Amino acid sequence: MTIMAPRNGAQLRQMLYSAFMYDAGPVAFRFPRGDTEEFQKTPLELIPRGKAEILHSPKQATTLILALGPCVQFAVNAAEKLGAEGKPCTVVDARFVKPLDEKLICELALCHDKIVTVEDHVKIGGLGSAVLELLAENSLLGGKEFIRLGISDEFVPHGSQPELYNRCGFDAEGIYNAIAN
């Protein structure tokens, strides 16, 4: 099974198209609520199955942020603020939870001291768990700091999306604080 998590309406359209074009098994989507105005305007483009996208890759970055879905933009915003403070971060839109872009993640893990995963999802069994398992299986964790940001295994009360993102600590401010401190 393929599990995809688009970051916005434009990418949702491309992922839906890609899912129809893939010839292997079922596909599950975790797509964001909210504005999808760009959905209809976006040209159809095939997204390679299981391929992440590097969005920000400054030289001498020591922190790798792997984000998913709407958390990608939060990660970009946090990285911009951290970069302005002399703490450059590489930001990757994982796009897929299953299959992971194992090759890219392992390559990037080799050249970063801190690895942060960010998802608007329960941490247990999510992107962070999958990346942690991948790195452990390939003996790439030694001495690296690993931070998983997402929803803890607890009841989360109702609220607006921005309130809940802030409460759970994976909005831009939460990502910044997890990395800067």
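The values are calculated or read from the model by the stated rules, or taken from the named source; none is laboratory data. Fair warning: this is a prediction, and the values are worked out from it, not measured in the lab. Quick reminder, even Gly has a Cβ in these numbers, built from the backbone with ideal geometry, and neighbours come from all protein chains shown.
If I ask for residues that are of a type in the set (A, V, I, L, M, F, W, C) and closer than 16 Å to Asn181 by Cα, which ones from segment 68-101 would you list?
Hits for segment 68-101 are Ala75, Ala78, Ala79, Leu82, Ala84, Cys89.
Scan segment 165-178 and tell me whether some residue there is of a type outside the set (D, E, K, R) and under 30 Å from Ala24 (Cα atoms). It would help to see each step written out before you state the result.
Restricting attention to segment 165-178, the residues satisfying the condition of being of a type outside the set (D, E, K, R) are 165-166, 168-170, 172, 174-178.
With under 30 Å from Ala24 (Cα atoms) added as a condition, the list becomes none.
Within segment 165-178 (the criterion being of a type outside the set (D, E, K, R) and under 30 Å from Ala24 (Cα atoms)), the answer is no, since none of the residues qualifies.
Could you figure out which of (1) crowded, with 21+ Cβ neighbours inside 10 Å; (2) of a type in the set (A, V, I, L, M); (3) in contact with a strand residue (DSSP E or B) (Cβ under 7 Å, 6 or more places away or on another chain) isn't true of Ala78?
Here Ala78 meets the rest and fails (3).
Could you run through segment 121-135 and say how many residues are modelled with pLDDT of 95 or more and surrounded by fewer than 12 Cβ atoms within 10 Å (Cβ to Cβ)?
Result for segment 121-135: 1.
Out of segment 26-47, which residues are modelled with pLDDT of 80 or more, part of a loop (DSSP other than H, G, I, E, B) and out of contact with any Asp or Glu (no Cβ under 9 Å at 6 or more places or on another chain)?
First pass over segment 26-47, keeping only residues modelled with pLDDT of 80 or more: 26-28, 43-47.
Checking which are part of a loop (DSSP other than H, G, I, E, B) leaves us with 26, 43-47.
Within segment 26-47, Pro26, Pro43, Leu44, Glu45, Leu46 qualify.
List every residue pair whose Cβ atoms lie under 9 Å apart, where the two residues are 6 or more positions apart in sequence or sit on different chains, the first residue falls within segment 133-146 and is in the same structural domain as Cys89 (by TED's automatic domain parsing), and the second residue, located anywhere, is part of a helix (DSSP H, G or I) and acidic (Asp, Glu).
Leu134/Glu102; Asn138/Glu102
For segment 135-162, name all the residues that are out of contact with any helix residue (DSSP H, G or I) (no Cβ under 9 Å at 6 or more places or on another chain) and of a type in the set (S, T, N, Q).
The answer is Ser139, Ser160, Gln161.
Taking only segment 147-164 into account, find how many residues are in contact (Cβ under 8 Å) with a residue 12 or more places away in the chain and either among the aliphatic types (A, V, I, L, M) or closer than 26 Å to Leu135 by Cβ (or both).
Selection size over segment 147-164: 8.
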